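Presented below is the structure to which this report refers.
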Amino acid sequence: MSDFVSILTPPGRSALATLTATGPGVWDIVRRHFRPAGGALPESPVMGRFWLGRLGADLADEVVLAVVGADRVEIHGHGGEEISRCLVELFTSAGALVVEGIALLGASDAAPRLLPFTTTTRTASIVLDQVAGAWTREVRAARLALEAGDFSSARSMIEALASRWHVGRHVVEPFRVVIAGAPNVGKSSLANAITGYQRSIVAPTPGTTRDLVSTSLAVEGWPIVLTDTAGLRFTGEDLEGRGIDQARGALAEADVVLWVVDSATPPVWGETIGEKTHVVLNKIDLPPAWDTTGIDAMRVSAATGAGVANLVAALGGWLVPELPPDGAGVPLTAAQADGLRRALDEPGRAVAILAEIE
Ligand SMILES: Nc1nc2c(ncn2[C@@H]2O[C@H](COP(=O)(O)OP(=O)(O)OP(=O)(O)O)[C@@H](O)[C@H]2O)c(=O)[nH]1
Ligand SMILES: [Mg+2]
């Protein structure tokens with residue numbers, strides 16, 4: 001079993017920072033580097049106890065050390081980024097791995113810790129519902145139904161919760177939306193029209209965009225990273241070729257792909273028009289150069305802005321086809337989602353698993 005260390009306080013300026021470290025070796029590391037203000041640390045951790053003291057030989061930052069669980073401590077030290085980094089290094093130099101804070105937290109801790117990282121009212125209100133107990137209430141209801149032998153309602157409750165992981169995983173982590181298509185179809189113009197400012201360079205020459213150009217924004221209250229890509233085509237030119245490789249990588253990782261075709265030049269269809277790909281017909285302000293009547297596409301003009309608001313509204317629906325009802329329980333961590341999946345896969349252990357993640 002490994003040891004893990006993590007900074008729990010959100011990024012930004014603050015007077016204090018909180019670290020947590022967990023694992024079988026953590027108490028030994030603490031005993032080596034922490035000098036309590038009075039007395040000495042006991043050989044084994046005592047749950048619920050805390051000490052004021054200094055951590056780190058050179059740094060000697062004044063911290064509060066608290067034992068908050070079996071094999072888990074919290075350290076409340078000064079908030080400067082460099083100080084936090086030094087404290088983390090005390091653990092990593094002893095072999096601990098750094099992880100994102102949320103991964104170390106139990107279900108009841110996750111929601112309040114995630115709240116400061118949300119960036120939209122919509123995602124904050126989903127997390128607040130969990131702070132107010134929605135998750136715990138629904139998981140408990142499913143467990144009680146199981147205990148009462150009502151397996152079919154328990155199963156549908158667990159399935160409903162599990163289906164909301166698609167939303168829960170993105171309350172902080174943005175959805176990835178990629179704009180792709182042949183050169184010169186207006187991808188960068190569309191990215192700018194959606195973003196609302198001139199983020200990408202637009203030019204009449206094909207091959208203008210060569211790198212990935214990403215922007216963080218909110219669409220219908222969901223955090224997204226919108227990525228404009230190099231036009232996809234076969235090319236002998238190295239620089240553009242590398243841009244195209246990057247574009248393919250971005251496509252593979254995207255949650256939604258907007259495949260742009262130009263109504264004023266013959267269309268180029270993607271090699272990988274899959275389920276997550278939606279066609280956008282651009283330049284509808286120009287006379288069409290091909291028969292566009294029957295195609296299943298959102299119709300826009302990135303130049304005039306026509307259709308862009310409709311496209312953005314549709315994008316919200318593609319990202320989250322089913323909104324969780326107000327006040328619904330939503331899993332916020334991979335551990336919670338995984339617990340739901342295991343409860344469905346192993347009915348014999350479901351009561352115990354639900355009790356664990358509740
Ligand atoms: N009339 C009209 N022109 C457009 C529209 N969208 C883009 N254009 C023009 O099309 C040309 C290419 O636009 P870009 O946005 O640079 O196209 P792109 O797909 O990003 O091109 P590459 O990065 O080279 O692959 C520019 O001259 C734009 O002004 C549109 O909706 N209507
Ligand atoms: Mg471009």
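Annotations
- Residue pairs meeting the criteria (Cβ under 6 Å; at least 6 apart or on separate chains; first surrounded by fewer than 15 Cβ atoms within 10 Å (Cβ to Cβ), in the stretch 201-229; second part of a strand (DSSP E or B) and of a type in the set (A, V, I, L, M)): 216/225
- Output for the stretch 330-358, where each listed residue is touching a residue at least 12 places away in the same chain (Cβ under 8 Å), closer than 30 Å to residue 277 by Cα and of a type outside the set (A, V, I, L, M, F, W, C): 331, 333, 336, 341
- Of all the numbered requirements in (1) modelled with pLDDT of 85 or more; (2) touching a helix residue (DSSP H, G or I) at 6+ places or on another chain (Cβ under 8 Å), residue 259 misses one, and that requirement is (2).
- Residue 143 meets each of the listed conditions (1) within 16 Å of ligand 1 (Cβ to nearest atom); (2) touching a residue at least 40 places away in the same chain (Cβ under 8 Å); (3) touching an Asp or Glu at 6+ places or on another chain (Cβ under 8 Å) apart from (1).
- Residues of the stretch 309-329 that turn out to be in a loop (DSSP other than H, G, I, E, B), over 19 Å from the mean Cα position of the chain (by Cα) and touching a residue at least 24 places away in the same chain (Cβ under 8 Å), as a count: 3
- Condition check for residue 225: in contact with a Gly (Cβ under 8 Å, 6 or more places away or on another chain) and of a type in the set (A, V, I, L, M, F, W, C): no
- Qualifying positions in the stretch 289-318 - polar (S, T, N, Q) and surrounded by 17 or more Cβ atoms within 10 Å (Cβ to Cβ): 301
- Members of the stretch 176-200 found to be surrounded by 21 or more Cβ atoms within 10 Å (Cβ to Cβ), more than 9 Å from ligand 2 (Cβ to nearest atom) and part of a strand (DSSP E or B), listed by number: 177, 178, 180, 181
- Enumeration of residues in the stretch 214-233 that are within 13 Å of ligand 1 (Cβ to nearest atom) and polar (S, T, N, Q): 227, 229
- Residue 268 being part of a strand (DSSP E or B), among the β-branched types (Val, Ile, Thr) and more than 20 Å from residue 222 (Cα to Cα): no
- When the stretch 201-232 is filtered for residues that are more than 12 Å from ligand 2 (Cβ to nearest atom) and among the aliphatic types (A, V, I, L, M), the ones remaining, listed by number, are 217, 218, 219, 224, 225, 226.
- When residue 306 is tested against (1) away from ligand 1 (no atom under 16 Å from the Cβ); (2) over 18 Å from residue 136 (Cβ atoms); (3) aliphatic (A, V, I, L, M); (4) in a loop (DSSP other than H, G, I, E, B), exactly one condition is not met: (1).
- Any hit, the stretch 259-266, residues being surrounded by 15 or more Cβ atoms within 10 Å (Cβ to Cβ), closer than 25 Å to residue 165 by Cα, within 16 Å of ligand 2 (Cβ to nearest atom) and within 25 Å of the chain's Cα centre (by Cα): no
- Criterion violated by residue 295 - all others in (1) modelled with pLDDT of 95 or more; (2) farther than 17 Å from residue 183 by Cβ; (3) of a type outside the set (Ser, Thr, Tyr) satisfied: (1)
The values are calculated or read from the model by the stated rules, or taken from the named source; none is laboratory data. Note that the coordinates shown come from a computational prediction; the quantities given were computed from them, not determined experimentally. A quick note on method: Cβ atoms are made from the backbone with ideal geometry, for glycine too, and the neighbour counts reach across all protein chains shown.
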